[in-house]
Amino acid sequence: MTQIESPKVVKKKLFSPIWLLPVVALILGAWLGVKSIKESGIEIMIHFPSAAGIDIGKTLVKYQGLTVGKVSDIGIDDDLKGVNVKVIMDYRADPFLNQNTLFWLVKPKASITGVEGLDTLFSGNYIAIQPGEGRSTTEFEAQREAPAILPGSEGIMVELKAPKLGSIDVGSPVFFRQVPVGSVVSYRLDGNKQIIISAFVQEQYTHLVHKDSRFWNVSGLKIDASLSGVKINTESIASILAGGISFDSGSETELAKNGDSYPLFHDEQSAIGGINVTLTAANADDISEGTALVYRGITIGQVDSKQLTDDGVQFTTQVDHQYKDLITPDSRFWLSGAELSLKSMKNVGRLITGSVINVLPGSQSATESMQFELAAQAPDLLTADKLALTVEANTHTGVSNGAQVRYKQLPIGQIINVNLSEDFAKVEYQIEILPEFTRLVTQGSFFVPESALAINASLDGVSVATRDLTTMIEGAISLVPAKSKKLVTANDTLTLYESIEAAKSMFAQQQMRTMTLTSIDGADLAEGSPIYYKKMQIGAVNKVNWQAETDKFTVDISIDKKFTPLIKPNTVFWRNNAVAINASLAGVDIDVAPLKGAINGSITLGHLNTELANDTQANLRLYDSQALALMQAKVIDLILPVSAKITANAAIRYQGHQIGEISQVKLNPTLTTLNAKAYLYGDYAERFRRDDSEFFIVEAQISLVGIQAPDTLLTGPYIGVIPGNKTSTTNQFTALNHARLDANVPADAVRFQLVDNQLGSIKVGTPLFFRGINIGQIDGYQLADSGIDITLYAHVETQYRHLVNQSSQFWDASGIKLDVGLFSGAQLEAQSLETILAGGIAIATRDVTNDSNRLSANDRIKLQHKMLPEWAEWQPVQDK
């Protein structure tokens, strides 16, 4: 009977998930609509004088290189006075579109002061924006020129007032001690009497501008020509072409602020000025404005003005800034004119130029009170004795007797004698210093000769200076005082250096730390070769000396005092190659030394890891390379056979592993051996420098059985080494022609001796065979003193020691043995191809090896010449 299932009643859902799709689509569409409206951009209008250089859809609006808009349309304005440019700005620029926001067109511009907008040559003209403050707007008036200070520029703006502009232009540099620190950004007329120049000083140099700073014009060339010489001076080539402004820091009491105003002087002398001195006299005879103030024939100032007072006439004078130290409260002033008499005529030129005011410096400290009485005649000079000194120089500088001794170009003494020293090593100048200047000469002072003609040319400018005719004819020396307050005494000896630079070099040398390095050669170094640390020069080589007794070199070096902390127990030195090339499959690395180091050679200072610094003398050795230095390689001497083909850079190896290298090979003066200098790497030096270490030459050996050391056919011979076992070490070894074959024989190998009356084809290395298996070899041979027999020294390897004992028989299996009998016929005997070519010794053992029949190094066994048939039947069985 068929069973019918009951129907299931399913309740219908009130909401189907399919209705989520239109809801999500509606939300997404609304969000995209809002986003599109928000990011659609902002349309603004900029009025330009013309549309030149602006293209619809191409010209961009940029802020500090970032594109923030694009030109969408261009139209002519209603007044026909320009064009209206419509720009679609990025919606994110809305906060910056304010009333004071500035727009201007950037296009390439070339002038003497430089090139602007160079990037527009590739990207095209663009409109620049500088955000401003104020209410939001969409209409703007474009600027005709870029603002004085561009966005991102930090610094201060000062105003300079001058009666005329001269060669200064927008972009002219602003200098401080010939270093460009800013530029001129604009200028304008202030009424009809002066010009106001706006100068911008960069932020990092604003601390140099103070309230009392002085600015002066350094444009073009300045030429000062007089009977005492011609002086040409300029700030830089840029200032010659485009003008320039320089300034000083003033008293450095209060920093300048934006908008501060300063006068612009026409030259440095006017800007810096000097000091004002007031003189009083009973009358003004022979004195007028412009009358010179003279000290020892040099004009140090002039009379600026004169006026009547109740006490007579008062003169206002100005002393040049460089001579202000000559004016002290006890200085003397007197009027001097031409002196004519029946006996002599002095200062005849003053009949034309007029009288002058002579100055005699005092010895007191300066004060603010600078008022003096002008005497009618010269005062009595001081009666103290002159200071006699001796000045030494390495060479004669050309100055003669009577030449002046000067300080800041002022005569302060005279050379009275020139002679050689007693040992003829120095030139001695006897000089006298005038009494009023003795306080200038203190302990540590020195002298330099003056040049009649000095030319200084550089990228910053060209300076040509000449001295007076007296300097050209007689010469002169100048005093360079020291900071010490301790005065020299009579007959003290001071030094005359060749120049200020030579003196500074000598003083710097005295402040440097000196060291002596040892080297196996001259290392291509010379006096003055630089010493580098991380490619920065920290010292120099003083001298390179050859030590004849050791055939080594010593290198005297100096390290600047501030770098002496680099000298540590783990400090090492190595010489640099002019060009180092490291080529591999990964690429080619070329390291070129600095030009000075490439020409004169150079040294680098480095440091080892602390755990490697175990040699107290390591930092006194000059290594050939950085790798050798960092490995603390040790130098050894090798004596090689004269026939050895070992060359520099040949490897030193132990069982194929390189443990050192040959640095230098040269023929011994006796022509019998070669002397080689070698390095053993620091990790291996201790073991391989032991007294019983053995060095030998490894080169290819070609024979019928094959080639030994075939790699030397390509790389050349190298030095092999066997480490020693003694505790004592040495640095000198004699290399053998070949390795001692038993040197690597294990200590537990079986050693014994074979005896024969002839050597035959047996040689060192002849193998020992047991049933055709190589189990040992011949290590050497020796002819007996009697000449009767030959002793062969042999060994059997450790794993085969149970195969030989005192019952063993040894026979020569070399070559081919042919036995021909009348009735027995011919019998041919040969072991193997190897024994046919290279020889060999066969072994047969009768008894089992035990402690009673083991072989020792002193056992002598007769070497048979042929094998007996019963030997082939011997089969000793070892105990298990």
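Where a number appears in this text, it was derived from the coordinates with a stated rule and is not lab data. The shown structure was predicted, so the numbers you read here are calculated from the model rather than taken from an experiment. Note that each Cβ is placed from the backbone with ideal geometry, even for glycine, and that neighbours are counted across all protein chains shown.
A few notes on this one:
- Here the calculated FRET efficiency for Lys408 and Asp748, from their Cβ-Cβ distance with R0 = 56 Å, stands at 0.05, rounded to the nearest 0.05.
- Length gained on full extension, Asn858 to Leu453: 136.4 nm, using 0.36 nm per residue less the C-alpha separation.
- Exposure proxy shown here: for His865, His795, the number of other Cβ atoms within 10 Å sets the order, fewest to most, as His865, His795.
- Cα gyration tensor, the range 634-739 - rounded (a/c under 1.5), prolate or oblate: oblate
- Placing dummy labels 7 Å off each Cα toward the beta-carbon, the span from Gln443 to Ser249 is 3.1 nm.
- Paramagnetic reach from Leu165 (point 7 Å along Cα→Cβ, amide N under 20 Å) across the range 75-109: 109
- In this structure, the amide hydrogen of Gly82, modeled 1.01 Å from its nitrogen in the peptide plane, lies closer than 5 angstrom to those of Asp77, counting only residues at least 5 positions away or on a different chain.
- Placing a pseudo-label 7 Å from each Cα along the Cα-to-Cβ vector at Asp55 and Val480 gives an inter-label distance of 6.3 nm.
- Cross-link pairs Lys534/Lys677; Lys666/Lys726; Lys211/Lys485; Lys257/Lys483 - those with Cα-Cα distance over 32 Å: Lys211/Lys485; Lys257/Lys483
- Estimated FRET transfer efficiency when R0 is 30 angstrom, pair Ala425-Lys562 (beta carbons, to 0.05): 0.35
- Amide H to amide H distances under 5 Å link Ser808 with Arg846, where only residues 5 or more positions off or on other chains count and H is placed in the peptide plane.
- Ala282-Thr328 pseudo-label distance in nm [points 7 Å out on the Cα-to-Cβ vector]: 3.0 nm
- In sequence order, the range 717-728 has phi-based couplings of x, 9, 9, x, 8, 10, x, x, 10, 6, 8, 6 Hz under the Karplus curve 6.51 cos²θ - 1.76 cosθ + 1.60, θ = phi - 60°, and Gly or Pro positions carry x.
- Asp847-Thr791 FRET efficiency (beta carbon distance; Förster radius 22 Å; 0.05 resolution): 0.35
- Point-charge dipole on Cβ atoms (K/R +1, D/E -1) for the range 387-507, about Cα centre, debye to 20: 480 debye
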